[in-house]
Amino acid sequence: MHRSPLVIRYAIALCPFGHVLAAATGRGVCAAALGDDPAMLIDDLARAFSEATLDCNSGLLDGWMDALLDYLHGKRMSLDLPLDVAATPFQTTVWNALRAIPYGETQTYQQVARRIERPDATRAVAQACARNPVALIIPCHRVVRSDGGLGGYRWGIERKRALLSHEAAHVELCAS
């Protein structure tokens, strides 16, 4: 049986945190990333999906990119976009737990591990966060270390700090 090649459409836009890339298959968003250099974002996408044909076709992603940009500009507090990501059952469980962390709040890796009823899996939770291909939609930036440190972030600690500050500021604005 002949399978047609996987086509991934992507778009890149300028945002308050550098550039944001959104990429999708016909089923949903398969990658979302932040960075300073659009060419590097595209190179990372090409490496992650080496078997796919990449198509810079922002028109097909307009609604999803608009949602990401609204989120990054503080105009919306959640992203409920269709996803097309490969994940282990454990990663799926962790990522679902991350999506339940409210905007503007953080939880520790240990709290997430307890919430998924795997209290000894703190490191595995951190690894699942590191393998998250859809930044912001699955908000791994909301997970911090038990000592209050930010821990790691695929798109840089400064960007993680900025995202958390941005969310906290918008929560305060909405509350006042």
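The values are calculated or read from the model by the stated rules, or taken from the named source; none is laboratory data. All values derive from a computational prediction rather than experimental measurement. Here the Cβ is made from the backbone with ideal geometry for all residues, glycine too, and neighbour counts use every protein chain on show.
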**Request:** Go through the range 117-156 and count every residue that is within 13 Å of Thr106 (Cβ to Cβ) and not small (Gly, Ala, Ser).
**Result:** 11
**Request:** Take the range 132-152 and flag every residue that is part of a loop (DSSP other than H, G, I, E, B) and either crowded, with 21+ Cβ neighbours inside 10 Å or modelled with pLDDT of 95 or more (or both).
**Result:** Asn132, Pro133, Leu136, Ile137, Pro139
**Only listed residue being within 19 Å of Trp155 (Cα to Cα), in contact with a Phe, Trp or Tyr (Cβ under 7 Å, 6 or more places away or on another chain) and either in a strand (DSSP E or B) or of a type in the set (Gly, Ala, Ser) (or both), chosen from Ala22, Ala46** = Ala22
**Prompt:** Among the residues of the range 25-43, which ones are more than 15 Å from the chain's Cα centre (by Cα) and either part of a strand (DSSP E or B) or under 20 Å from Leu163 (Cβ atoms) (or both)?
**Reply:** Asp36, Asp37, Pro38, Met40
**Request:** For Arg142, work out the one condition from (1) within 18 Å of Leu79 (Cα to Cα); (2) more than 12 Å from the chain's Cα centre (by Cα); (3) of a type in the set (Lys, Arg) it doesn't fulfil.
**Result:** (2)
**Request:** Please identify the pairs in which a residue from the range 138-161 that is more than 17 Å from Val20 (Cα to Cα) and in contact (Cβ under 8 Å) with a residue 24 or more places away in the chain has its Cβ atom under 9 Å from the Cβ atom of a residue that is part of a loop (DSSP other than H, G, I, E, B) and among the basic types (Lys, Arg), counting only partners at least 6 apart or on another chain.
**Result:** Gly151/Arg145
**Request:** Kindly indicate whether any position in the range 131-146 is out of contact with any Leu (no Cβ under 8 Å at 6 or more places or on another chain) and among the hydrophobic types (A, V, I, L, M, F, W, C).
**Result:** no
**Message:** Restricting to the range 85-120, name every residue that is assigned to a loop (DSSP other than H, G, I, E, B), of a type outside the set (S, T, N, Q), touching a helix residue (DSSP H, G or I) at 6+ places or on another chain (Cβ under 6 Å) and touching a residue at least 12 places away in the same chain (Cβ under 8 Å).
**Reply:** Ile101, Tyr103, Gly104, Ile116
**Asked** Is at least one residue of the range 73-88 farther than 22 Å from Ile157 by Cβ, within 14 Å of the chain's Cα centre (by Cα) and β-branched (Val, Ile, Thr)?
**Response** yes
**Request:** Please specify each residue of the range 76-109 satisfying the condition of being polar (S, T, N, Q) and within 18 Å of Lys160 (Cβ to Cβ).
**Result:** Thr106, Gln107, Thr108
